[in-house]
Structure formats: C-alpha cells, structure tokens
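Worksheet: one structure, shown below.
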Protein chains: 2
Amino acid sequence: MNSAEIRKRILAENDECASRLKSGFDESGTLVVDIVSSPGAGKTSLLEETSRRLSQELGMGALVGDIATEMDAERLRSANLPAHQIVTGGACHLDARMVEEGLQHCAFLPVDLLFLENVGNLVCPASYALGEDFKVVLLSVTEGEDKPFKYPAIFSKAKVAVITKVDLLPQLSFDLERVEEQIRTLCRDVRILRVSAWSGEGMEEWCRLMQQEQARKRQTVGAN
Amino acid sequence: MNSAEIRKRILAENDECASRLKSGFDESGTLVVDIVSSPGAGKTSLLEETSRRLSQELGMGALVGDIATEMDAERLRSANLPAHQIVTGGACHLDARMVEEGLQHCAFLPVDLLFLENVGNLVCPASYALGEDFKVVLLSVTEGEDKPFKYPAIFSKAKVAVITKVDLLPQLSFDLERVEEQIRTLCRDVRILRVSAWSGEGMEEWCRLMQQEQARKRQTVGAN
C-alpha cells in the first residue's frame, strides 16, 4: 500500500466511526460543534465566555484535544463548562475514535450542546469528521489577512467562521472586508461573526446562533 | 503494518533523505535554518525584514512551504529574497523529499544562508528533519502564554525561540518571563529573542545571530 492508499483507508475508517457517533448524537438531540483554529486564536476563551453566558439556558460540555497537558480542560471547568481532555500524544488533530473513546469518560453527558475543541492546527482537522453537526473555524485578526486562501480546506468546510480578537483591530493593519471576501469565495453560505471574548463584542450574536442551532436540532430529533 | 510502524518507516526514510541534504549543504558551506510556527506568527515578516537588513552582507534564499498559494514566496521576492514556493497540497509540514525536489528549482543557489519556511503548524514540522543546521520556533505574543508546554516537541528541539510581535505587548496580558521559563524548561540551551519585525525591536540581535552562525558554519567547512 502506498501512502495515498494508507491515507484513504485511515479516512474511510474515520468516516465510519464518525457516522456511528453522529447517529448517537442525533438520537440524544445533542448539537455537536467542532471548533478548529491555529494555536492561540482563542478557542478556549470563546468557550469560557460562552459558558458564562449560556450555561443557565443550555446543558453544555466539551471534549478538548491537545498534544500535551490538561490545561484547556481545566480552564473550561473553571468557567463551569464540564470538560474532558483528550491528550493526543503526537497526533495533530482529533479523530473520531479519540472522540468515541473520550465520551466514555464524560459523566456530564447527555448535554444539549457538546463542543469538540480540536488541536490547534488549521490543516489536518479539516479532513476528519468527528460526528459533528458542523465545523466552526476561528481566525484571529493578529494572524494576518492571507490565511483563508492559504488554508482553503478548513475555510471551505466550516459552516461558521469567527474572526476573533477584534478588540485589537485599532492596533493592526488588518482588512476585515478582504478577509471576509476570501472566506465567502471559499464557502458561499458561510456565516461570519466578528467577536472579542475579551471585550464581549459579538458574543451575543455567537450565543444566539448556538441557541438557534440547538433548537433546530431538537426539532429535527422530535420530528423523527 | 499498523499505523505506528508506517509512521516509523516514513520518518526513517525522511531521515535518510535529510542526511543526504545535510551533506550537500555542509559541502557548500550553506547555513540552513528551518523556521517553524503557528499560522500567522510572523515567519514571512521576519524573513522580509531579515532580507532588507542582511542581503548586502550574505547571499540568501528561501524555500517556502504552504498547503496552497504562492503568496509567501511572492512576498519574499518583493523583499529581494530569492524564494521558491513548495505547495504541499494536503501535507501539514515540509519533508526532506519536498526540499530535495524544491532545490531543483532554485536557480539562486548556492547561497550562504538558506531559510526553510515551514507550513504554519506547531505540531508535525517538529518530527521532520530537512537537512537543516537547526530549527527556529516563532511564538507571537498574541497566541497566549500556555503554548510551549502545549506544543513541547518543537520547543524542545528548536535551538532558537523568537517571541514575535512584541510591539503589541502593551495591549495584551502576556507574561514574557513565564513563557521564557517554560521554553527553558523544555530546552535548557535555547537562545530566546524578543522581536518585532514591525517596530524593528530585536531585529539587530536576530541578524547578528544569523551572521555568527553562518560564519561558524563556514569555518567548520573550511576546516574539513
């Protein structure tokens, strides 16, 4: 088997496991959101702030992927978001099997809304389905305007793109319109939000979106 | 073959190719520096500014890895740094074979100092030798203080760690000392620089380091 064939087999096995996960999440009416970004774009900060604003209204939890350390899960638990850390060792992304295994350790389940906070990486997480309803990609304004076209796979697949750290815009030369145009070129129907977890800008819109998507999921499940 | 065995074989083949590259670079006295960071930490900006400051004194060139687009090589060429873009397709890192193949397209060779600007990713580039003299890891102050311990492999292997975008420090809560302590815990002999390509802070020290390392390489080659 050459490396292209190996990769194909790995992804096929992953897809099979992800379908299994998806069925389980659909049955329990859990909205599952895979959060993807570069290291340090603000995934954990977004989830901390989401927990502070939404935990009275939605039962939430998180599975958090990292190469090493339990730091992010600890941060989330401190913000009252029940979380289990998946330490991937060498792997630069979560895969469906890791999620399946991680779910065994989540005493907080079932929940209305489960976040999968992926490993900080804009490349490989795009290729792995995890049983999620949709992927959200974060891009911080400090990363520069050229990123969507340089990492097209994830920006093509994400249903929601969150531009983070917008409180820093006055200090930077960052053309928001240009970036949003790139993102829309890659994915016509994407929803783009401008957010700062630090100042709170855009957090209300983000939380409302999560609530709407959760309500829609619940209806779909109720209809079956 | 299971996936651990496959990975081992891939890395062994890569090491073999990297040794071949290293011999060639040693013969020509070329200092080769592999630059690794998250997307948007400032690899291209650092090289642009290095070219502006050093191109009168050193013959330089770059091989630039990206999933998609020629944008970074174009930026470098505009800053008078001869550059060839390696478009990796799906791959989230450069490997030695891509470098070997890329070198065939570099009419600007031989040079005194060759930069390998890796794909924006803190994970997989740590595992792949490219025939370089050493790796440099960049961490921007906007990425947060927890990154060295969360991405230990690259911070353990890099000979030089460059903290970038330090001009933004007044706008952030970022504990430089805490981060530098983490980096030193992972790699005792690491050289740490604080740099802003935008304001110029730390650029002189970075350029001096490149010159010293190049001179040392030349001496080693002369001694053989």
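What number of residues within region A:179-188 are farther than 22 Å from A:Gly40 by Cβ, of a type in the set (D, E, K, R) and either crowded, with 18+ Cβ neighbours inside 10 Å or touching a residue at least 12 places away in the same chain (Cβ under 8 Å) (or both)? Looking only at that region, the number is 0.
Of the residues B:Glu180, B:Glu145, B:Glu132, the single one that is out of contact with any strand residue (DSSP E or B) (no Cβ under 9 Å at 6 or more places or on another chain) and charged (D, E, K, R) is B:Glu145. If you go through region A:142-178 and keep only what is among the charged types (D, E, K, R), surrounded by fewer than 18 Cβ atoms within 10 Å (Cβ to Cβ) and facing another protein chain (nearest Cβ under 10 Å), you end up with just A:Asp167. When A:Leu76, A:Leu31 are checked against the criterion of being away from chain B (no Cβ under 14 Å), closer than 25 Å to A:Glu201 by Cα and either open to solvent by less than 20 Å² (accessible area, probe 1.4 Å) or free of Cβ contacts under 8 Å to residues at least 24 places away in the same chain (or both), A:Leu31 stands alone in meeting it.
So that you can scan it fast, the table gives a plain yes or no per residue for (1) closer than 24 Å to A:Gly202 by Cα; (2) hydrophobic (A, V, I, L, M, F, W, C):
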| site | (1), (2) |
| --- | --- |
| A:Arg7 | no, no |
| A:Ile10 | no, yes |
| A:Ser37 | yes, no |
| A:Met60 | yes, yes |
| A:Asp72 | yes, no |
| A:Val87 | no, yes |
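Being of a type in the set (A, V, I, L, M), touching a Pro at 6+ places or on another chain (Cβ under 8 Å) and over 27 Å from B:Thr88 (Cβ atoms) narrows it down to one residue among B:Val166, B:Val179; which is it? When all the criteria are applied, what remains is B:Val179. Would you call B:Ser51 out of contact with any helix residue (DSSP H, G or I) (no Cβ under 8 Å at 6 or more places or on another chain), under 26 Å from B:Val221 (Cα atoms) and not in a strand (DSSP E or B)? Answer is no for this residue. Suppose the filter is more than 13 Å from the chain's Cα centre (by Cα), more than 20 Å from A:Leu122 (Cα to Cα) and surrounded by fewer than 17 Cβ atoms within 10 Å (Cβ to Cβ); does A:Glu49 pass it? For A:Glu49, the condition - more than 13 Å from the chain's Cα centre (by Cα), more than 20 Å from A:Leu122 (Cα to Cα) and surrounded by fewer than 17 Cβ atoms within 10 Å (Cβ to Cβ) - is not met. Every test in (1) open to solvent by 10 Å² or more (accessible area, probe 1.4 Å); (2) within 13 Å of chain A (Cβ to nearest Cβ); (3) touching a helix residue (DSSP H, G or I) at 6+ places or on another chain (Cβ under 8 Å) is passed by B:Lys135 save one, and that test is (2). Can we say B:Ala215 is within 30 Å of B:Asp26 (Cα to Cα) and exposed (fewer than 14 other Cβ atoms within 10 Å of the Cβ)? In short, yes.
Of all residues in region B:192-212, those that are assigned to a helix (DSSP H, G or I) have Cβ atoms under 8 Å from Cβ atoms of residues that are among the basic types (Lys, Arg) and at pLDDT 95 or above, 6 or more apart or on another chain, in B:Met203/B:Arg53; B:Glu204/B:Arg53; B:Cys207/B:Arg53; B:Leu209/B:Arg191. The set of residues in region B:89-122 that are within 14 Å of another protein chain (Cβ to nearest Cβ) and not hydrophobic (A, V, I, L, M, F, W, C) comprises B:Gly89, B:Gly90, B:His93, B:Asp95, B:Arg97, B:Glu117, B:Asn118, B:Gly120, B:Asn121. Of all residues in region B:79-94, those satisfying the criterion of being modelled with pLDDT of 95 or more, part of a loop (DSSP other than H, G, I, E, B) and either on the phi > 0 side of the Ramachandran plot or open to solvent by 40 Å² or more (accessible area, probe 1.4 Å) (or both) are B:Asn80, B:Pro82. Within region B:54-73, restricting attention to residues that are assigned to a helix (DSSP H, G or I) and within 14 Å of another protein chain (Cβ to nearest Cβ), the residue that is most open to solvent (accessible area, probe 1.4 Å) is B:Met71.
The values are calculated or read from the model by the stated rules, or taken from the named source; none is laboratory data. Nothing here was measured: the structure is a model prediction, and the numbers come from that model. Virtual Cβ from ideal backbone geometry, glycine too; neighbours counted across all protein chains shown. All accessible areas refer to the heavy atoms of the entire protein, side chains included, with ligands and DNA or RNA removed. Shrake-Rupley method; radii C 1.70, N 1.55, O 1.52, S 1.80 Å.
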